[in-house]
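See structure below.
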Amino acid sequence: MDEPWLERVAKVMGARAAARLDVERVAAGVVARLRADRAEATRRKRVWWRAPMVLRLAAALAVLVTAGVLVPGVLDHRPEPAAVIAPILGDLSADELTEVFDSLSIEAPVHETVAVGFEDLNEAQLQELLRLMEG
Amino acid sequence: MPLCPYAVAVLTSSPNGRLLYVTAPMPDTAPSDAELIEAWRRGEEAAAAELVRRHARAVARFLSAAGAGDDVEDLVQETFYRAFRKIDGFRGGASFRTWVIAIGSNAFKDLRRQYRRRPVVALEDREIPDSADPHAEAVSRELAQRLQAEIVELPRMQRDVFLLRAQQGLEYPEIATTLGTTVGAARVHYHHAVQRLKRVAED
């Protein structure tokens, strides 16, 4: 037995199975499965875009919250809030300070009714004020 | 003069003024595999069907020789289904047919794993060449059966290399590209396969 003989035998192996194959049926089956896949992909896309707006907003919110958790860790070198806010607050009048409180929905019972400037606060009061503003 | 359907007739005149009837081969208008693949990527289902028609029998021959038995038709369908789903992975390093055959080999491996307890192959007379084949007369039916059984039992890489070369007539570089190996390794696998099959035949 030589190699060419083996190759001749190999060449005829499977020939009858190939001849019996219903090629059109195979082609139709393949196309049908591929078509079903595409239809499914289209359906999933539609489901997403038809989802209630609330779901999409929830997803967006989740992304923002995740980013909010991750980003501060990256920006550890940022300045302390007090260092940024204190000079600004120091320049505000009592009325302006009250407006800031209002816009932030922060109650400032003590200072709201008393016309005091930022410079009138002691250190403990200033810390409390900053704590309130930082939430 | 009758014209075959694959020729076009051109009416022209010779230097002496007589009309000449010249035929020329009709240009091959069938789209190439690459063109059909592009058409499928654009979403043309007919292109996918045409590629199946072109190559399904070659894939069936390979899978049958590898031992697919009665599962050949299902396997061929699964093979082409997988191929079209990951058509973007086809880089053209080998022919489309060879690439699909390699996918078929993987699908067959998965099937064998799925039916691990099942006998690997059921040798049937219908897979043995009949007397109408010129080579079959020189080969005993019993010997051919033993050889086919041994091909099925070869390690997968040896089997695939042997069938791609001996049955599909591929060259080593294309075999190596398709199976993700080197030309040298493909030669070694083929050599081992041939030696083992020779031993079986000589027993």
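The values are calculated or read from the model by the stated rules, or taken from the named source; none is laboratory data. All figures in this text were calculated on a predicted structure; none of them were measured in a lab. Only protein heavy atoms, including side chains, enter the accessible area calculation; ligands, DNA and RNA are left aside. Shrake-Rupley method; radii C 1.70, N 1.55, O 1.52, S 1.80 Å.
Quick notes
- Contact surface B-A: accessible area buried, both sides summed, square angstrom, 1.4 angstrom probe: 3800
- Probe 1.4 Å - accessible area at A:E3, Å² to nearest ten: 70
- For the range B:148-192, heavy-atom accessible area (probe 1.4 Å) falls by no less than 50 Å² from the chain alone to the full protein assembly at B:A166.
- Contact residues in the range B:43-75 by the 40 Å² criterion (accessible area, 1.4 Å probe, full protein complex versus chain alone): B:E45, B:V52, B:R53, B:R57, B:R61, B:E73.
- Where only alpha carbons of the range B:154-203 are counted, the Rg and the Dmax (Å): 10.5, 35
- Phi angles of the range B:151-160 translate, via the Karplus equation with coefficients 6.51, -1.76, 1.60 and θ = phi - 60°, into HN-Hα couplings of 4, 4, 7, 5, x, 4, 5, 4, 4, 5 Hz per residue; Gly and Pro are given as x.
- Residue ranking by accessible heavy-atom surface, 1.4 Å probe, largest first, among B:R42, A:R16 comes out as B:R42, A:R16.
- Partner lysines for B:K86 [C-alpha distance under 30 Å; skip if fewer than 8 residues away on the same chain]: A:K11, A:K45, B:K109
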